[in-house]
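The values are calculated or read from the model by the stated rules, or taken from the named source; none is laboratory data. If you're wondering where the values come from, they're calculated on a predicted model, not measured in any experiment. Because the Cβ atoms are built from the backbone with ideal geometry, glycine has one as well, and the counts that use them run over all protein chains shown. Side chains are part of the model used for accessible areas, which takes the heavy atoms of the whole protein and leaves out ligands, DNA and RNA. Shrake-Rupley method; radii C 1.70, N 1.55, O 1.52, S 1.80 Å.
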Amino acid sequence: MSDDLALQLNVALRLLIAAAFGALVGIEREIHGHSAGFRTHTLVAVGSAMFTVLSIYGFPSSPANPVDPTRIAAQIVTGIGFLGAGAILKAGPTVHGLTTAASLWSVAAIGMAAGAGAWIVAGVGTGIVVFTLWPLNLIAKWLDRQARRPGHTTDGD
């Protein structure tokens with residue numbers, strides 16, 4: 001990989017795309033004051049992209065040395081799950097940070113897609129994640145307010 005300039009430039013572009021898409025999700029989190037914001041999401045996406053690129057190009061497989069590139073992807077999913085668990089806080093009967101943990105996990109997948117060169121998948125995934133975090137949050141808040149209105153029952157009547 002180190003001798004192929006075209007491949008190096010392609011990989012650099014993949015990392016930049018992962019950073020941009022991760023940053024888009026992180027900006028939404030930052031705007032709304034969540035603990036894992038712009039920098040965290042950018043780093044998770046870029047790190048995932050780098051691990052994905054390394055799993056694709058860094059360890060070439062041969063008959064004498066068979067390599068399974070999916071092992072690194074599996075470890076990314078596990079590692080980000082661990083990182084996301086650290087974002088979850090329990091305060092009395094309520095739990096905070098689940099959406100932040102899920103957004104970190106999703107940004108890892110976005111980074112993996114960008115690292116694999118699936119830029120359209122990474123872009124569409126970014127759009128879905130940002131839509132879920134922002135406009136869908138407004139709808140969820142509206143639904144919650146409707147459920148708390150006087151005279152409203154939640155037992156199916």
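So, of the residues in the stretch 55-81 that are hydrophobic (A, V, I, L, M, F, W, C) and part of a helix (DSSP H, G or I), which turns out to be farthest from the chain's Cα centre (by Cα)? Here the answer is I56. Close contacts from the stretch 123-140, counting a first residue that is in a helix (DSSP H, G or I) and a second that is not aliphatic (A, V, I, L, M), with Cβ to Cβ under 6 Å and a gap of 6+ residues or different chains, come to T126/F21; V129/S106; V130/E28; L133/E28. Of the listed requirements (1) modelled with pLDDT of 85 or more; (2) under 13 Å from the mean Cα position of the chain (by Cα); (3) closer than 28 Å to Q8 by Cβ, L133 misses just one: (3). Filtering T94, T100 for residues that are among the hydroxyl-bearing types (S, T, Y) and touching a Lys or Arg at 6+ places or on another chain (Cβ under 8 Å) leaves a single hit, T100.
Number of residues in the stretch 94-122 that are assigned to a helix (DSSP H, G or I) and surrounded by 13 or more Cβ atoms within 10 Å (Cβ to Cβ) equals 20.
I'm trying to understand the selection: among the residues of the stretch 30-73, which are of a type in the set (F, W, Y) and within 16 Å of A122 (Cβ to Cβ)? Within the stretch 30-73, F51 is the sole residue that qualifies. Can you work out which of the residues in the stretch 9-52 that are at pLDDT below 90 and among the basic types (K, R) is most open to solvent (accessible area, probe 1.4 Å)? By that ranking, first place goes to R39. Within the stretch 53-93, being within 21 Å of A18 (Cα to Cα), exposed (fewer than 13 other Cβ atoms within 10 Å of the Cβ) and not hydroxyl-bearing (S, T, Y) holds for R71, A74, Q75, F82. Which residue, of A45, A49, is closer than 18 Å to A18 by Cα, under 10 Å from the mean Cα position of the chain (by Cα) and hydrophobic (A, V, I, L, M, F, W, C)? Within the list A45, A49, the selection yields A45.
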